[in-house]
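Reviewing the structure listed below.
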Amino acid sequence: MQHLRTTIARLRPMAALQTARCASQPVQGGPGERALRTFPSARRLEASNYVEEMYFAWLENPGNVHKSWDVFFRNANAGVPPGAAYQSPPGLSGPRQVPAGGATSVVGARTDVEKLIEDHLAVQSLIRAYQVDWYSPAPTLSAPLSKQPGALLPPGFYGLLESDLDKVFRLPTTTFIGGDESALPLREIIHRLEMAYCQQIGVEFMFINNMEQCQWIRERFERPGAMHFSVEEKRTLLARMVRSTRFEEFLQRKWSSEKRFGLEGCEALIPALKTLIDVSSGRGVDSVIMGMPHRGRLNVLANVIRTELDQIFCQFDSKLEAGSGDVKYHLGMYHRRMNRVTDREITLSLMANPSHLEAVDPVVQGKTKAEQFYCGDTEGKRVMSILLHGDAAFAGQGVVYETFHLSDLPSYTTHGTIHVVVNNQIGFTTDPRMARSSAYPTDVARVVNAPIFHVNADDPEAVVYVCKVAADWRNTFHKDVVVDLVCYRRNGHNEMDEPMFTQPLMYKKIKQQKGVLQKYATALISEGVVTSQEYEEMVAEYDKVCEDAYTRSKDEKILHVNHWLDSPWPGFFTFDGQPKSMSVPSTGISEEDLSHIGNIASSVPDKDFTIHGGLSRILKARAAMVEQRVCDWALAEYMAFGSLLKEGVHVRLSGQDAERGTFSHRHHVLHHQNVDKSICIPMNHIAKDQAPYTVCNSSLSEYGVLGFELGFAMASPNALVLWEAQFGDFHNTAQCIIDQFICPGQAKWARQNGIVLLLPHGMEGMGPEHSSARPERFLQMCNDDQDVFPDFAVRQLYDCNWIVVNCSTPLIVFTPKSLLRHPEAKSSFDQMLPGTEFKRIISEEGPPLASPDRVRRIIFCTGKVYYELARERKHRGMEEQVAIVRVEQLSPFPFDLVKEEVERFHHADLMWCQEEHKNQGYHDYIKPRIRTAVARTRPVLYAGRGPAAAPATGNKQTHLAELQRFLDTAFDLPGTSGEQ
C-alpha cells in the first residue's frame, strides 16, 4: 500500500488524465462506476484519494474499472516504476502489452512515455481552459470586466514548448475542433480554439453538470464551418437589418423630440428575435409569448410582431392617441400571422409592461403555462416564451431570480424560456462596477444550469447563429437558455437624455462607431452578395412603407383599442353576437350536487389509500356537516370549486402551503402515509367529464408566483385562478404586481383578468406580521366615487377595477383565520340552492326586525368582528336596541343596500365598527360612502382601535384590552362617543 501511495503521489497528473478519459467512457456496474459518477473530475478531488477509491474497487474485482486502470494497477502492484506503469487507453497511442513478469527497467528521471502522456494531458488542459475561461466579446467602449483575446494562460504554462507547436496530438472526445480529424498539430489546435472561443461569440456552459448537454454545445461552436450562411440567408439578414435600422431613423426624423427608447446600437435584436421565432416555428412551435422592457419595444412591435405601422405612428400624435392610458412603449400586442420562412401560422403575443422592467417576467411565464395547459402541450413543443432583459435589470431585480426558480417546478415550468439580454453595458447612468457584484449580468442564469451565449451585437451573422443554437437548445432540451447581446446605446437612456454628463469617455467612443447596418452592407457588397443598387432599393422600399403608414396614421378611423390587446377574450362579452345583459345570474346549485360534492370532500376515493389519523377525524366532521346541511369555510370552498369543475370550468389554486392550507383546514391533496410521493386529489373525482383541478404549493415567493398566476388568468376568462397568501400580510412582497398590473391593468392596457387573491386577515393577537392584509390599500385604489350614488348597482360590477370582499359567511377574498373553525361561521345549504346569489350586504336578521322603531343604533361592520359584536350585544342584553349589518362586498360599495338598511331603522344613529386601527382597515373608505348613501343627512360614528403605525399587537392581553375598549364604544348608546 505504501508503494501505491508513492506511485499515486508521482502520477497525479496521469491520474487526472485517466479520470477525464474514463469519465467519457463509463464502465458498467460495480463500485468503480459509482466512484466515477461521484468524482467525475480530478479538479473536484485530490487525485490520490480518487485513485485509492479506484484501487479498492479494482481489488474487489478488476472488471469494476476501465481497462486502462486495470493495466495501471497490475503494473504498479508488480513494482513497475510510475512512468512505465501507466498505459495509454485504447485509441490514444494504440494497444500496448503488459510486459511479461510485470516490470520494465527505466533509465533517467523521465521516459518518452511520461513525456507523451504529460504533453497530451497538457493539451487537454489547454482545450479545457478555452472551454471554461471563455472570452466575452464586446465593442471596445470602456474597460470591460470580460476576458480579452490572449488573456488565457500561454501554452508554456501547461508545460508545452514552442518546439511542440508542430507536433501532432490526438484530440480528446470532449472537443469537436478536429471535425472529422482525430489529431491535429498543436498550432492548429490553438488556432481553432481561438476561432471557436475568442472571436465574436463567448460560450459559457462548462458549469452544466450534464455530459450530453455540454457535448451538444461544444459541437455547435467548435466544429469547423459550423457558422455558415448561404447567400440567400445573408440577403434575408440584410433586409431585416434594413428594417430595424430605418424604422428608428424614420421615427427620429418625424418625432425628434419624442421619447421612444430606440434600438440604436443594438439593431441586431430584430433579426435575432426573428431567427428565434423562425427556428422554433420550424420545430413545431405555433405560439410565442414575449415580454420586454422599453428599449426597442416599438421596433419589435413593428418588425417582429408585425403590428401595423400606422397604429404605432398614431401613438405619437397626442390628438390621435389610441385608447390606452399608458405610453406607447409600454403597450402590448397579439397577432396571428403566417411565418414566411416556415410557411406555418404562428401567434405572437407581446405582453404590456410597466416601467418596472422585469415585472413582466413571471406574467409571461404564467400566460405561457396557461396556453400550454389549454392546448394539452405537456412538453412545451407548441407554446414557448421569450423574455428580453436589460443588463442592469437582469442582474439587479430579484424577480428575475424568482422567475428562474419557477422554471423546473412541475406546476410552473414552461419547458424552457429563451432569455435575450440587450447588454448596453450601462444601466441608466450607472456603469457595471457600481451596478452588480457578479462579473457578468447573466450570472443569475447559472443557478438553473442555463447555458449563456455572449455575442457581439455588431456582428449580425454571429448574432443570428447564436440565436439558431439557442432556439435549437430550447426545443431539444426544453430548458432555459440566455443570449447576451453585448452592445451599446447610441443615445442616452432615452432620446432626450444627455449621456456625456456621466459617461464622457464611453460616449466619445460610441460617437466614433459606425452603424452596424452600414458595416454589414459594405461587407456583403464587397463579397458580391448584393450590389450597391440592390441595397439602396431595399432601403428605399422600406422607407416608402413607413411614409405610406405615416399618411394613414392621420386618419382617426383607424384607431381602435383592440389593436393593443395582448390577451383578447373573443366572444366573452357577447352572447349570440349581442352584448351580454346587465344582470347577475343565480350562483346556487341543486341539493343533489351539494350533497354529492360534500360526500367527495369528506371521503377518500381510493379505499386502499391510507391517510393520517388526524385527517380521518377532519373528514368525519365534514361528513357530519353534510348530514346537517351546513358548511364551514373549507367545505363551502369545496362546494364552490367542485360545482365549477362539474360545469367544466378549470380551477387553479396556488400559494405557499395551498394544498393543505396554512391553517390545516383545506386538505385538497391527501398523502399516502405508507407510500412515498403517492397522493390523491378528491376534487378531481367529482364527475366523469369535469374540468381538471390544479392545486399546487408554490415556491417561497410572492412577487414571482402572483405574477405567474396573473399571467395564467389572462389566457382565458373561463377559468377560476386563485393565489393565496400564506398570511394576508405577505401580499406586500408582491405589491408591484398588484399596483402595476391588477389594479390599473384594464385602464392602462385594456387588459382583462379574472385573478382572485385570497388574503387571510383578522386581528387575533398574533402580532403585526400575521394579522392584516392591509385592506385600506386595496380600498384606496378602488375607482368608485365616494360622493356619487350610482343609478344601477349591477353597472358598478362592470365599471369597477376590482371587487373587494370580506365575508363573514364562506366565500372568498379577505379570508378568515379564526373563522375557519368558528361554530357560528357556517351557512345552510338553503343559502346555496338555485335562485340564491351572493349577498353584498347581510341584513340584520334578529329581534330588531320585529320592532325597528326601538332600534337606537345601526352598527355597520365587515369580517369577523361581526361575531364579536353579536356576542357582546347578547351579553349586554341589547338585541332589540342595536342592529348589526354586515358589509360583505366593500367595493364596489353597495350604496343602494346601505340606504335600505338606514331607512328600515330610521330612528337609529349610524356607526362603523372595525377591529383594525382607525388609519387602517376600512374606515376612511366606508365612512364617506355611508354619508353619500344617506345624502349626508346624518353623521357616522366610529368604534375601533385608534391610529397606529403597526397593524396589530402581539401581546394577547393588550389585544383583548383593545377589543373590549372598542366594544364598549360600540354599545355606549347614551353618549356621543366616536367621531362625528
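The values are calculated or read from the model by the stated rules, or taken from the named source; none is laboratory data. Nothing here was measured: the structure is a model prediction, and the numbers come from that model. Cβ coordinates were reconstructed from backbone atoms using ideal geometry, including for glycine residues, and neighbour counts include every protein chain displayed.
Points worth noting:
- If the condition is being in a helix (DSSP H, G or I) and under 34 Å from the mean Cα position of the chain (by Cα), then segment 202-232 contributes Met211, Glu212, Gln213, Cys214, Gln215, Trp216, Ile217, Arg218, Glu219, Arg220, Phe221, Glu222.
- Of the helices (runs of 4 or more DSSP H) contained entirely in segment 891-977, those carrying at least 3 residues that are modelled with pLDDT under 95, exposed (fewer than 14 other Cβ atoms within 10 Å of the Cβ) and not assigned by TED's automatic domain parsing to the domain that holds Gly728 fall at 956-970.
- Tally of residues being part of a loop (DSSP other than H, G, I, E, B) and within 15 Å of Lys519 (Cβ to Cβ) across segment 455-496: 6
So that you can scan it fast, the table gives a plain yes or no per residue for (1) closer than 24 Å to Thr815 by Cα; (2) β-branched (Val, Ile, Thr):
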{"residue": "Pro568", "(1), (2)": "no, no"}
{"residue": "Ile589", "(1), (2)": "yes, yes"}
{"residue": "Ile611", "(1), (2)": "no, yes"}
{"residue": "Ser616", "(1), (2)": "no, no"}
{"residue": "Met625", "(1), (2)": "yes, no"}
{"residue": "His685", "(1), (2)": "no, no"}
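- Sole residue being surrounded by fewer than 16 Cβ atoms within 10 Å (Cβ to Cβ), under 17 Å from Arg295 (Cα atoms) and hydroxyl-bearing (Ser, Thr, Tyr), chosen from Thr476, Thr502, Thr429: Thr429
- Residue list for segment 196-210, filter: surrounded by 15 or more Cβ atoms within 10 Å (Cβ to Cβ) and farther than 19 Å from Phe157 by Cβ: Ala196, Gln199, Gln200, Ile201, Gly202, Val203, Glu204, Phe205, Ile208
- Residue match in segment 529-542 (condition: among the aliphatic types (A, V, I, L, M), surrounded by 13 or more Cβ atoms within 10 Å (Cβ to Cβ) and not in a helix (DSSP H, G or I)): yes
- Of the criteria (1) over 44 Å from the mean Cα position of the chain (by Cα); (2) at positive phi, which one Gly863 fails: (1)
- Inside segment 498-536, residues that are among the acidic types (Asp, Glu) and at pLDDT below 95 make up a count of 1.
- Failed criterion for Ser818 (all others in (1) under 22 Å from Met625 (Cβ atoms); (2) at pLDDT 90 or above hold): (2)
- Selection of first residues in segment 669-691 that are in contact (Cβ under 8 Å) with a residue 24 or more places away in the chain and surrounded by 11 or more Cβ atoms within 10 Å (Cβ to Cβ) and of second residues that are of a type in the set (Val, Ile, Thr) and in a loop (DSSP other than H, G, I, E, B), restricted to Cβ pairs under 6 Å at least 6 apart or on distinct chains, gives the following pairs, ordered by first then second residue: Val669/Ile681; Leu670/Ile611; His672/Thr610; Gln673/Thr610; Ala691/Val649.
- Single match in Thr429, Thr476 (criterion: polar (S, T, N, Q), modelled with pLDDT of 95 or more and more than 20 Å from Tyr401 (Cα to Cα)): Thr476
- Here Gly648 clears all of (1) touching a helix residue (DSSP H, G or I) at 6+ places or on another chain (Cβ under 9 Å); (2) farther than 18 Å from Phe829 by Cα except the condition numbered (1).
- Tallying residues that are of a type in the set (Phe, Trp, Tyr), within 18 Å of His685 (Cα to Cα) and within 32 Å of the chain's Cα centre (by Cα) within segment 605-647 yields 2.
- Which numbered condition Ala687 misses (of (1) under 30 Å from His356 (Cβ atoms); (2) part of a loop (DSSP other than H, G, I, E, B)): (1)
- Residues of segment 302-321 satisfying the condition of being within 23 Å of the chain's Cα centre (by Cα) and surrounded by fewer than 24 Cβ atoms within 10 Å (Cβ to Cβ): Ile305
- Across segment 844-871, the number of residues qualifying as under 26 Å from His761 (Cβ atoms) and surrounded by 16 or more Cβ atoms within 10 Å (Cβ to Cβ) comes to 15.
- For the criterion of being within 27 Å of Asn674 (Cβ to Cβ) and out of contact with any helix residue (DSSP H, G or I) (no Cβ under 8 Å at 6 or more places or on another chain), Ala621 passes.
- Whichever residue in segment 599-618 is in contact with a helix residue (DSSP H, G or I) (Cβ under 7 Å, 6 or more places away or on another chain) and without any contact (Cβ under 8 Å) to a residue 40 or more places away in the chain and, among such residues, is nearest to Pro816 (Cα to Cα): Ser602
- Positions within segment 409-434 being in contact (Cβ under 8 Å) with a residue 60 or more places away in the chain and assigned to a loop (DSSP other than H, G, I, E, B), in sequence order: Leu409, Pro410, Ser411, Tyr412, His415, Gly416, Asn424, Gln425, Ile426, Phe428, Thr429, Asp431
- Test: residue in segment 460-470 that is in contact with a Pro (Cβ under 7 Å, 6 or more places away or on another chain) and surrounded by fewer than 23 Cβ atoms within 10 Å (Cβ to Cβ): no
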